[in-house]
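Structure, as structure tokens:
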2 protein chains.
Amino acid sequence: MTAISVADAKYALALCDRIAAHTDVPGTITRTFLSPATRDVHALLTAEMRALGMTVRTDSAGNLRGLYPADAPEAPVLLLGSHIDTVPNAGRYDGILGVAVPLALLRAINGKRLPFAIEIIAFSEEEGIRFKLPFIGSRALIGELGPDELARTDADGITLAQAIRNFGLDPANLADAAITPDTFTFLEVHIEQGPLLESLSLPLGIVEAIVAQSRFELTFSGQANHAGTTPMDLRRDALTAAAAFISSVEALACSTRGLVATVGVIHALPGAPNIIPGTVTCSLDIRHADDAIRDSNAGQLLAQVTADCLRRGIGVTIRETSTQRSMPMDVALAGALAEAVSRTGRQPHRMNSGAGHDAMMLAGKIPSAMLFLRTPGGLSHHPDESVALPDVQAALETCMRLLETLTH
Amino acid sequence: MTAISVADAKYALALCDRIAAHTDVPGTITRTFLSPATRDVHALLTAEMRALGMTVRTDSAGNLRGLYPADAPEAPVLLLGSHIDTVPNAGRYDGILGVAVPLALLRAINGKRLPFAIEIIAFSEEEGIRFKLPFIGSRALIGELGPDELARTDADGITLAQAIRNFGLDPANLADAAITPDTFTFLEVHIEQGPLLESLSLPLGIVEAIVAQSRFELTFSGQANHAGTTPMDLRRDALTAAAAFISSVEALACSTRGLVATVGVIHALPGAPNIIPGTVTCSLDIRHADDAIRDSNAGQLLAQVTADCLRRGIGVTIRETSTQRSMPMDVALAGALAEAVSRTGRQPHRMNSGAGHDAMMLAGKIPSAMLFLRTPGGLSHHPDESVALPDVQAALETCMRLLETLTH
């Protein structure tokens with residue numbers, strides 16, 4: 001069809017750089033759901049999409065969507081994309097690269113029409129930061145953004161519905177985000193965010209399944225009291241109970257093959273050096289490729305913390321904030337993607353994804369696949385997150401070979 | 001001299017209620033150094049002080065000071081008072097009662113002049129919340145508020161000097177806060193904030209010494225990374241290191257008689273459920289009546305965390321934010337106070353204070369003593385903090401007997 005040039009790969013990386021300049025928190029890269037910085041990124045991407053011959057709209061979940069027409073009307077639609085929100089103090093490639101690479105692909109196609117349309121989507125939300133609810137953007141595409149989700153509130157008490165309205169959109173129109181029956185395939189390009197491909201000296205990976213993950217929020221309720229006058233044996237310290245829990249999470253995950261478990265958030269109240277913490281909230285994120293192993297280990301941790309808190313006279317409430325079952329990618333599409341990698345002269349490596357991705361949501365509705373790029377040092381969710389130019393070129397060449405397969 | 005009525009005690013408690021209505025954080029009682037709520041409390045206390053025949057000024061450290069004149073010019077000055085700042089989500093008596101009881105005492109004296117003046121001081125800051133520096137008010141009285149302290153910054157980057165200027169005061173005039181040679185004694189009335197007096201069924205305690213306390217701030221530096229894709233054995237999780245530290249603090253304090261140690265503050269960054277924390281800061285507050293035991297236990301904890309972090313590949317920096325040596329109260333004054341309690345028909349109980357107090361600062365300069373009131377449930381630094389009306393009356397009667405002793 002068309003060759004990929006170094007300039008195409010450079011265009012993708014430059015686009016990531018330009019997007020990174022728009023942030024909620026100056027001095028970092030931080031973009032949460034429909035923040036003012038998101039509006040700036042929409043303006044930037046809209047201009048790029050239009051220059052590439054696309055028509056652009058924002059759906060009512062805040063996803064920015066560009067449509068590159070097919071060579072005939074009423075043709076099927078190939079959906080490509082990823083998310084443009086970030087974790088706090090993020091790198092510049094997680095999610096973003098999955099929008100930049102498809103745009104670079106259109107740049108390489110250079111106006112040529114294909115027998116299918118290409119829709120490029122910049123999902124509004126995947127990380128779950130603002131509303132503690134991940135995949136807001138892709139949930140809307142599969143009709144799983146309903147009244148319960150819209151009623152969620154952020155740290156300022158703003159509901160998800162209000163956040164959508166504040167951005168100038170109407171949550172009553174969410175049906176406009178749903179994937180239409182003519183959308184035949186979803187492909188998400190993403191950095192691996194882990195050390196595996198680098199350890200194998202391979203630039204690309206084909207995802208076979210996205211592993212299960214559960215997230216919980218735990219609240220420990222003790223008794224705030226004076227740190228100088230309350231003897232140790234009369235304390236009901238919520239933080240020492242939480243610390244014991246964090247240590248038990250680490251110990252179990254370290255001794256269980258394939259399990260990863262993380263406490264990433266902790267808040268202790270009232271939060272003064274001379275007061276015993278009365279209330280502590282913390283998160284638990286636990287993942288395993290096998291749903292049953294994940295569930296049994298989560299159950300063991302939560303039973304353990306309940307027993308320990310009973311012994312300590314501390315109340316503990318546990319709320320499951322989200323659970324994603326393991327989700328296999330489409331076998332035929334993953335096979336086509338592996339073949340496309342081979343045709344570029346590189347070795348295809350099949351692997352699982354330890355991280356959740358928008359493809360996990362779409363895969364329940366339409367054939368979906370993911371192409372991973374090697375992540376130097378396995379470093380992600382960090383300002384030093386990086387990706388190599390030759391690896392971006394390899395991803396672009398693979399996508400071009402896949403377009404050829406889909407064309408024939 | 002004069003009898004104390006129930007109405008005097010009720011006046012003191014009503015004053016605590018009125019002061020509690022002024023808060024930085026609606027729905028809680030929270031007043032930090034020179035906040036807008038502090039200005040409102042100053043206005044309230046100024047009106048009370050003037051109605052009781054006092055002249056009122058605010059010194060350049062933000063301490064509100066009312067002077068009740070003696071029966072002759074150039075008489076010595078008896079200093080009474082405590083602090084009006086609070087911890088976050090505090091009760092209404094910690095500190096405040098030590099201002100309200102002296103005002104109720106003047107109310108009972110009812111205009112009678114004594115052979116000494118009475119200065120009532122409402123210290124601007126004792127808890128160390130805003131600048132992580134306790135005793136700002138009383139430091140100024142003993143000349144220990146200098147350039148180092150004035151350069152401290154709060155969470156918004158405002159220096160202590162600027163906070164003083166923002167309140168309409170001039171830190172260049174701090175000498176106006178120093179106690180003058182004619183101030184012969186300081187007495188601080190305070191709730192016990194612990195369970196001891198209640199366990200003995202006694203309303204009042206006489207403090208013999210304020211026990212040593214040290215505060216540290218620890219920063220754990222690991223590597224923020226993705227919670228789903230980073231295997232357990234490749235993590236450098238700052239929070240699991242901090243959790244191990246918190247558990248070691250609890251274990252050592254529980255096994256060392258008379259030692260109390262508390263981690264009251266913890267912050268984990270970047271603070272998302274799906275990111276391994278890269279940086280954690282936490283506080284350590286450690287106290288023992290014996291300076292040497294306190295120091296050796298603090299040293300053991302800090303050596304232990306350093307070794308554990310080395311093993312984990314986590315950096316740890318430890319900063320000592322404040323240290324107070326054990327401070328004995330004046331023996332003669334404590335004896336006079338005990339005698340005053342006896343003369344009210346109650347049993348005087350001598351005890352140590354596990355909490356730091358402004359009297360600890362003053363005691364190095366002038367004879368100082370503290371009178372403790374029974375604290376129901378030992379509960380302090382908490383909205384349910386309370387004190388019984390008969391115990392307030394007992395404290396007022398004791399103070400009146402002490403005034404008689406000082407008069408003769």
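If you place +1 on the Cβ of every Lys and Arg, -1 on the Cβ of every Asp and Glu, and leave all else neutral, what size is the dipole of the range B:212-324 about its Cα centre, to the nearest 20 Debye?
160
Calculate the dipole size of chain A relative to its Cα centre from +1 charges on Lys and Arg beta carbons and -1 charges on Asp and Glu beta carbons; express the result in debye to the nearest 20.
Dipole of chain A, to the nearest 20 debye: 260 debye.
Post the alpha-carbon centroid distance, the range A:2-39 to the range B:1-37, in whole angstrom.
54
Say R0 is 45 Å: what FRET efficiency, to the nearest 0.05, do B:R346 and B:D308 get from their beta-carbon distance?
Computed FRET efficiency for B:R346 and B:D308: 0.35.
How would you classify the range A:78-231 from its alpha-carbon gyration tensor, with a ≥ b ≥ c the square roots of the eigenvalues: rounded for a/c under 1.5, else prolate if a/b is greater than b/c, otherwise oblate?
Oblate, since a/c reaches 1.5 and b/c is not below a/b.
Heavy atoms of the protein only, probe of 1.4 Å, neighbouring chains included. What is the accessible area of B:K10 in Å², nearest 10?
Near enough 120 Å² of accessible area.
Within the protein assembly as shown, what percent of beta bridges assigned by DSSP are antiparallel, to the nearest 5?
Percent antiparallel among DSSP bridges in the protein assembly as shown is about 65.
Per the Debye formula with a single identical scatterer at each Cα and no solvent contribution, what log10 I(q)/I(0) holds for the range A:212-324 at q = 0.11, 0.12 Å⁻¹?
-0.36, -0.42
How big is the shadow of the Cα convex hull of the protein assembly as shown, averaged over all directions, in nm²?
The orientation-averaged projected area of the Cα hull of the protein assembly as shown comes to 36.2 nm².
For chain B, build the charge dipole from Cβ charges (+1 Lys, Arg; -1 Asp, Glu) around the Cα centre, then report which of B:V316, B:A47, B:G27 sits farthest towards its positive end.
Comparing the listed Cα positions along the dipole, B:G27 ranks first.
How high is the relative contact order of the range A:212-324? Use alpha-carbon pairs under 8 Å, at least six apart in sequence, and give a whole percent.
45
Over chain A, what is the relative contact order in whole percent, taking alpha-carbon pairs under 8 Å and six or more residues apart?
Here the relative contact order equals 22 percent.
Of A:G258, A:I366, A:I121, which is farthest along the charge dipole of the protein assembly as shown in the positive direction, counting Lys and Arg as +1 and Asp and Glu as -1 at C-beta?
In the protein assembly as shown, that residue is A:G258.
In debye, nearest 20: dipole of the protein assembly as shown around its Cα centre with unit charges on the Cβ of K, R (+) and D, E (-)?
140
Consider the operator that turns chain A into chain B: which A residue has a Cβ nearest its axis, and what is that gap in Å?
Its Cβ sits closest to the axis: A:A243, 2.
May I ask you to find the residues of the range A:84-101 that are shielded by at least 20 Å² of accessible area once the whole protein assembly is considered instead of their isolated chain (probe 1.4 Å)?
A:P88
At a 1.4 Å probe, what is the % contribution of carbon and sulfur to the accessible area of the range A:222-345?
57
Sticking with the crude label model, points 7 Å out along Cα→Cβ, report the distance from B:A75 to A:A3 in nm, one decimal please.
Each label point is offset 7 Å from its Cα along the Cβ direction, giving 10.3 nm.
Could you calculate the FRET efficiency of B:N110 with A:A21 from 1/(1 + (r/R0)^6), where r is the beta carbon distance between them and R0 is 56 Å, rounded to 0.05?
0.20
Could you work out how far apart the two model spin labels at A:R165 and B:K365 are, taking each label as a point 7 Å from the Cα in the direction of the beta carbon, and quote it in nm?
Those two pseudo-labels are separated by 5.8 nm.
Could you please tell me the mean projected area of the C-alpha convex hull for chain B, averaged over all directions and given in square nanometres to one decimal?
Over every viewing direction, the Cα hull of chain B projects on average to 20.3 nm².
Can you find, among A:L269, A:T229, A:T281, the residue farthest towards the positive end of the dipole of the range A:212-324? Put +1 on the C-beta of Lys and Arg, -1 on that of Asp and Glu.
Going by the charge dipole, the pick is A:T229.
Distances from A:T219 to the same residue in each other copy, label points 7 Å out along Cα→Cβ, in nm, shortest first?
Taking the point 7 Å beyond Cα along Cα→Cβ, the inter-copy spacings are 3.3 nm.
Among DSSP beta bridges whose residues both lie in chain B, state the antiparallel percentage, nearest 5.
65
Roughly how far apart, in whole Å, are the Cα centres of the range A:86-159 and the range B:382-401?
Centre-to-centre (Cα) distance: 61 Å.
Accessible area per residue, 1.4 Å probe, Å², for the protein assembly as shown: what's the number?
Computed with neighbouring chains in place, this is 35 Å² per residue.
Assuming R0 = 45 Å, what is the FRET efficiency of B:A178 and B:T317, from their Cβ-Cβ distance, to the nearest 0.05?
That pair, B:A178 with B:T317, gives E of 0.80.
Using DSSP to call loops (not H, G, I, E or B), can you name the trypsin sites (Lys or Arg not before Pro) in the range A:163-271 whose Cβ has at most 12 other Cβ atoms within 10 angstrom?
A:R257
Per DSSP H run of at least 4 residues, take -39500 (n - 2.57); add these up for chain A, divide by its residues and hand me the 222 nm value, nearest 500 deg cm²/dmol.
Using -39500 (n - 2.57) per qualifying helix, the result is -10500 deg cm²/dmol.
Rounded to the nearest 100 Å², what is the buried accessible area between A and B, both sides summed, probe 1.4 Å?
4800
In nm, what is the difference between 0.36 nm times the number of residues separating B:I293 and B:V331 and their Cα-Cα distance?
Answer, rounded to one decimal: 11.3 nm.
How would the range B:172-258 be classified by its alpha-carbon gyration tensor: rounded, prolate or oblate, with rounded meaning a/c under 1.5 and the a/b versus b/c comparison settling the rest?
Because a/c hits 1.5 or more and a/b fails to exceed b/c, the range B:172-258 counts as oblate.
Using a 1.4 Å probe, how large is the accessible area of A:E339, given in Å² and rounded to the nearest 10?
That residue has around 100 Å² of solvent-accessible surface.
Just tell me which aspartates and glutamates come within less than 14 Å, Cα to Cα, of A:K365; anything on the same chain fewer than 8 places away is out.
Counting by Cα, and skipping residues close in sequence, A:K365 has these aspartates and glutamates nearby: A:E144, A:D182, A:D330.
The values are calculated or read from the model by the stated rules, or taken from the named source; none is laboratory data. Quick caveat: nothing in here was measured; it's all calculated off a predicted structure. FYI the Cβ positions are ideal-geometry reconstructions off the backbone, even for glycines, and counts take in every protein chain you see. Each accessible area value is taken on the protein alone, full model and side chains, heavy atoms only, with ligands, DNA and RNA left out. Shrake-Rupley method; radii C 1.70, N 1.55, O 1.52, S 1.80 Å.
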